[in-house]
1. Test of understanding: among 167, 265, 193, 245, which residue is modelled with pLDDT of 95 or more and within 18 Å of the chain's Cα centre (by Cα)?
2. Looking only at region 80-112, filter to residues that are of a type in the set (Ser, Thr, Tyr) and out of contact with any Phe, Trp or Tyr (no Cβ under 6 Å at 6 or more places or on another chain); which one of those is nearest to residue 142 (Cα to Cα)?
3. Run residue 135 past the list (1) in contact with a Pro (Cβ under 7 Å, 6 or more places away or on another chain); (2) closer than 27 Å to residue 31 by Cα; (3) not in a loop (DSSP other than H, G, I, E, B) and report the number of the one that doesn't hold.
4. For the subset of region 408-451 comprising residues that are assigned to a strand (DSSP E or B) and in contact with a Ser or Thr (Cβ under 7 Å, 6 or more places away or on another chain), which member is modelled with the lowest pLDDT?
5. For region 375-407, name all the residues that are in contact with a strand residue (DSSP E or B) (Cβ under 9 Å, 6 or more places away or on another chain) and in a loop (DSSP other than H, G, I, E, B).
6. Report whether or not residue 57 is loosely packed, with under 13 Cβ neighbours inside 10 Å and at pLDDT 85 or above.
7. Within the bounds of region 42-62, is there any residue that is assigned to a loop (DSSP other than H, G, I, E, B), among the small types (Gly, Ala, Ser) and under 27 Å from the mean Cα position of the chain (by Cα)?
8. Please work out which residue is nearest to residue 14 (Cα to Cα), limiting yourself to region 117-155 and to residues that are charged (D, E, K, R) and at pLDDT 95 or above.
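The values are calculated or read from the model by the stated rules, or taken from the named source; none is laboratory data. Remember, predicted model here, so these are calculated numbers, not experimental data. Neighbour counts are summed over all protein chains in view; Cβ atoms, including those assigned to glycine, are modelled from backbone coordinates with ideal geometry.
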Amino acid sequence: MTDAELNAALRIYGADEATLAAQQTRYARSLRAFAAHYGPGEVLVYRAPGRVNLIGEHTDYNHGYVLPVALDKDVLVLARPRRDRVVRLVSPEPAYEPRQFEISTEIAPQPTGDWANYIQGPAQLLTREFAPHLLGCDALVEGAPPYGVPRGAGLSSSSALVVAATVTLAGLNGLDLKGERLADACSRAEWYVGTRGGIMDHFASVLARSNSALFLDCRPVDGSYPIRHVPLPSGYAVIVADSGVRHRNTGPHFNRRVLEGRIGVRLLQRRYPGITHLRDVNHVPWPELEPLLPEVIDTEALRAAGIDPHALLDSGRSAETDTFCVRKRCRHVITENNRVLQSVEALGAGDVATFGRLMREAHISARDDYEISVPEIEVLVALADAVPGTEGARLTGAGWGGCIVALVRADQADIFRQRVAEGYRARTGLEAQVFVCRSSAGAGEVLRTRV
């Protein structure tokens, strides 16, 4: 493949020549590494982007609304099909030791957090649901910053890996799996690792378009999820600041939030028997809902009311607690759903100021009601808000570390990056990675070549 042909394939990253040159170097390096591991021959390259969520945190697994943007930071999988069911995995990243497994309907998981689980999950699901005789591959996975998705930062690195693996295995096996079917399969494949999350990350990675956010209603209607591509405001930059503080979604905190929302639904069903998720009471004024939800309730009281809290997580990992904060968790989800709907209206009308206000309100709710912030995130938000040209800033991602996202006037982007990075270093002693997000197209095959 010539440089010109490679550059044509890499236009998915935009037309900026410096970006194209950097990506060309990245792809060439990855192709050489693949050849060193697996020898000469044909290789196919697939990618899946990470995402930043503009607004709508912890609403997706409550059948709510979200508004993510796919990033130009992605996970690459370079692969060559095999004639057997073996998958061999390598990565140039030292933390990712080589792995090998055989595809079947029952693949024994690696230890919690092991990177191979994010490939084994898709392999198992595709075999169970789409291709009983799914064949394996030799694969190299590359997703390291600065061009890969930062891990544990709330930008969906794990889901990007799941999507990339699913797209790779489906593509190599000739499966006609795309669009919503593909995104839904990816979301369920990630359950393999034990996290009972929603569909936002996978839908954003699969269905995104450049220069747009993806409004997603996480409740299916006749088997399809309502989506809308919302243009991003011109003259503004979406900027992410990574705190460097890392979380693990496979820990108990995430599942605890899932469980507290489900407990809230069970308690609200006494007054509203037809509801199944918190989004079903979005239209009900909060003062009517508040007295129906206890601030705190324990396992003993729930079982006395006929509710077994630990059964509500299905096969997900335990929440590792017998005490649940229900009222404020539900308040966050319900008010956040309404903020997403208002944000779509505001962006559609070009009302950036209203959208910025909603971002700030969303952060306060995530901090106080859902309790997913940490001191370092609060420092970043305060620094961002202090920069002229910042319309709004908030925690993004699952929380307990990770990143903030800010909407900033484009002519202030360089000043924002400098002031936030310097201020964060001065106040915490830590380094924040601050970068402008370029919205990206969704996952898929990038190129076929020989090495």
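1. 167
2. Within region 80-112, the subset of a type in the set (Ser, Thr, Tyr) is 91, 96, 104-105, 112.
After this cut, where a residue has to be out of contact with any Phe, Trp or Tyr (no Cβ under 6 Å at 6 or more places or on another chain) as well, the list is 91, 104-105, 112.
Values: 91: 6, 104: 25, 105: 27, 112: 21 Å.
So, considering only residues that are of a type in the set (Ser, Thr, Tyr) and out of contact with any Phe, Trp or Tyr (no Cβ under 6 Å at 6 or more places or on another chain), the one nearest to residue 142 (Cα to Cα) is 91.
3. (3)
4. Among residues in region 408-451 that are assigned to a strand (DSSP E or B) and in contact with a Ser or Thr (Cβ under 7 Å, 6 or more places away or on another chain), the one modelled with the lowest pLDDT is 439.
5. Answer for region 375-407, where residues must be in contact with a strand residue (DSSP E or B) (Cβ under 9 Å, 6 or more places away or on another chain) and in a loop (DSSP other than H, G, I, E, B): 387, 388, 389, 397, 402.
6. On the way: loosely packed, with under 13 Cβ neighbours inside 10 Å: no; at pLDDT 85 or above: yes.
No; evaluated as a whole, the condition is false for this residue.
7. yes
8. Result: 142.
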